[in-house]
Every structure is written in structure tokens, then in C-alpha cells.
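Notes follow once the structure below has been shown.
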Amino acid sequence: MTEPRTLLNAEHIHKTYSGKAEPVQVLRGVNLILEENSYSVITGSSGSGKSTLLHVLGGLDRPDEGSVRFKGRLLTELNDEDLAAFRNKSIGFIFQFHHLLPEFTALENVFMPALIAGKRMKEIQERASYLLEEIGLKDRMDHRPAELSGGEQQRVAVARALMNEPELILADEPTGNLDEKNSENLIRILLELKEKEKTAIVLITHDQQIAETTRNRYRLVNGTLDSYTN
Ligand SMILES: Nc1ncnc2c1ncn2[C@@H]1O[C@H](COP(=O)(O)OP(=O)(O)OP(=O)(O)O)[C@@H](O)[C@H]1O
Ligand SMILES: [Mg+2]
């Protein structure tokens with residue numbers, strides 16, 4: 001057995017939203033260590049700061065205090081351009097709403113992150129077709145999002161997140177809009193692909209049944225993250 005290696009180390013993360021309204025102190029000293037190829041779930045009540053935390057972990061947002069290291073690299077010190085390149089290469093995001101581009105086909109939506117990364121078209125096409133086959137949508141590759149069911153749209157979002165072979169998938173209630181059968185199906189596909197691709201996952205969910213699919217469970221309460229086992 002090889003020793004598990006640290007993929008991400010977030011220390012002492014603080015985040016307060018201060019706009020015109022009263023400031024909202026959301027994260028108050030969150031610490032989290034993720035190992036390579038690990039699978040963690042974060043739960044917490046609505047408004048507890050789960051999405052905020054996920055955005056900070058993936059470099060979509062910056063903390064007010066604290067550090068996020070990804071394989072030792074300090075994300076919190078990267079400029080916007082380097083941070084965008086980092087996200088494109090290393091992180092796959094999946095959200096509750098699929099955020100697929102309506103004017104593009106399923107295939108084009110899946111390969112968009114690789115196009116942005118400037119990869120070669122032949123490689124891009126091959127990888128996107130492979131992923132569409134893996135998610136069971138090879139025969140829907142020319143459909144636009146409006147011509148796909150909700151479950152199918154979300155599966156396309158999974159394939160898109162995996163396109164650039166990220167080391168970390170950050171999924172924010174990816175089954176929030178799906179019925180039970182589609183939720184189970186999506187989680188199964190996500191975890192199967194996770195194993196094949198050897199990527200780590202952090203999944204935010206309200207669904208206790210989904211939370212129980214891993215032993216690495218965390219709950220966000222009062223701005224801090226607690227590990228729990230039941
Ligand atoms: N841009 C913002 N400006 C001001 N307040 C914000 C902003 N974004 C989020 N908040 C507030 O911060 C808190 C945490 O929001 P966040 O979206 O992280 O919660 P969440 O745990 O993901 O909730 P949910 O389960 O409903 O998705 C909420 O009280 C929210 O109102
Ligand atoms: Mg949220």
C-alpha cells in the first residue's frame with residue numbers, strides 16, 4: 001500500500017460577506033485536509049456556508065483569512081489569471097443547476113473545458129465521446145440541453161466536470177433537482193467514474209442516504225467544520 005498523499009489543505013478559513021446589508025460571517029476558522037482519490041461529504045443546514053466553502057476550496061472565491069494549498073501550491077496567493085488556469089486544469093465543478101450552455105450540443109458542452117485549455121481537437125473528441133459513453137448518453141451527444149431530461153442534463157454536467165482529468169471534483173448538491181431514481185443513478189455514475197479516473201470528490205448534500213455512501217463525513221455548523229461518523 002502506498003501512503004495516502006495530501007491533495008488539499010485548507011487552514012483557518014474565514015469568510016464574511018459584507019455588502020450594503022449587515023455583514024454575514026459565514027466561515028469562522030474552517031480546517032480541512034483532503035487526500036488524493038478520497039471521497040468526502042459535507043452536510044449542513046441551508047445558509048450554513050457549504051457553497052461558500054466549496055467555492056473557496058476550488059478557487060472560485062477567496063477567503064478573507066486562511067490558506068488553501070493544493071498539492072502544496074498556495075492558491076490564495078495566485079492572481080486571477082493563474083487561478084482560472086488552475087481551476088480549468090485541476091478542479092471539476094458540478095452544481096445543483098447544470099449550467100450547460102443552451103446553444104451547444106451535449107458533446108460540445110462536455111468538451112468545452114478542454115477547448116478552453118487549448119488541447120488538440122482529436123484528443124478532445126475522443127475523450128468527450130468516451131465520457132458520453134460512460135454516462136450512457138452516446139446516442140444523445142448531438143442533443144442540446146433543452147432536448148435532454150433533467151437526469152441526462154446532470155450526467156452531461158458530470159462528464160464536463162471530468163473532461164480535463166481534474167484531481168478534485170467539487171459537487172454542490174448535484175442531485176438537488178433530481179428524483180430518487182435519477183439521484184441514485186447520478187451518484188452511482190459519479191462514484192464509478194471517480195474510481196476509474198482516480199480523482200478525489202467533495203460532495204455537498206442534504207440527502208442522508210447519500211451522506212452514508214462515505215465514511216469521510218463533515219458537517220458545517222456555526223462556521224466551522226466537524227467530522228462525524230453517524
Ligand atoms: N454574495 C453574498 N452576499 C451576501 N451574503 C451572502 C452571499 N452569498 C451567500 N451569502 C449568505 O451567506 C450564507 C451562506 O451561504 P451559502 O450559499 O454558502 O449557504 P449554503 O450552506 O450553501 O446554503 P444552501 O444549503 O441553501 O445552498 C447565507 O446566509 C447567505 O445568505
Ligand atoms: Mg448552497
Residues of segment 14-37 classified as aromatic (Phe, Trp, Tyr) and under 13 Å from Leu225 (Cβ atoms), total: 0
For a quick check of your reading of the model, give me the residue pairs whose first member lies in segment 47-68 and is under 15 Å from Ile91 (Cβ atoms) and free of Cβ contacts under 8 Å to residues at least 12 places away in the same chain, whose second is of a type outside the set (Val, Ile, Thr) and within 13 Å of ligand 1 (Cβ to nearest atom), with beta-carbon atoms closer than 7 Å and at least 6 apart or on different chains. His55/Asp61
Considering every residue within segment 20-39, establish whether at least one is closer than 25 Å to Glu173 by Cα, within 13 Å of ligand 1 (Cβ to nearest atom) and part of a loop (DSSP other than H, G, I, E, B). no
For segment 113-129, name all the residues that are of a type outside the set (Gly, Ala, Ser) and surrounded by fewer than 17 Cβ atoms within 10 Å (Cβ to Cβ). Leu115, Ile116, Lys119, Arg120, Met121, Lys122, Glu123, Gln125, Glu126
Filtering segment 46-83 down to residues that are within 13 Å of ligand 2 (Cβ to nearest atom), buried (at least 17 other Cβ atoms within 10 Å of the Cβ) and over 15 Å from the mean Cα position of the chain (by Cα) yields Ser48, Gly49
Looking only at strands (runs of 3 or more DSSP E) that lie completely in segment 117-230, which have at least 1 residues being modelled with pLDDT of 95 or more and acidic (Asp, Glu)? 168-172
Test for Arg140: is it under 13 Å from the mean Cα position of the chain (by Cα), surrounded by 13 or more Cβ atoms within 10 Å (Cβ to Cβ) and of a type in the set (Lys, Arg): no
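Might you check whether a residue that is under 23 Å from Ile210 (Cα atoms), out of contact with any Cys (no Cβ under 9 Å at 6 or more places or on another chain) and surrounded by 13 or more Cβ atoms within 10 Å (Cβ to Cβ) occurs anywhere in segment 9-23?
no
Return yes when Leu100 is at pLDDT 95 or above, away from ligand 1 (no atom under 16 Å from the Cβ), closer than 30 Å to Arg144 by Cβ and in a loop (DSSP other than H, G, I, E, B) and no when it is not.
Values: at pLDDT 95 or above: yes; away from ligand 1 (no atom under 16 Å from the Cβ): yes; closer than 30 Å to Arg144 by Cβ: yes; in a loop (DSSP other than H, G, I, E, B): yes.
Here the answer is yes, as Leu100 does meet what is asked.
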Would you mind telling me which numbered condition in (1) outside any helix (DSSP H, G or I); (2) more than 16 Å from ligand 2 (Cβ to nearest atom); (3) at negative phi Asn88 fails? (1)
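The values are calculated or read from the model by the stated rules, or taken from the named source; none is laboratory data. Because the structure is predicted, anything quoted here is derived from the model rather than measured. Quick reminder, even Gly has a Cβ in these numbers, built from the backbone with ideal geometry, and neighbours come from all protein chains shown.
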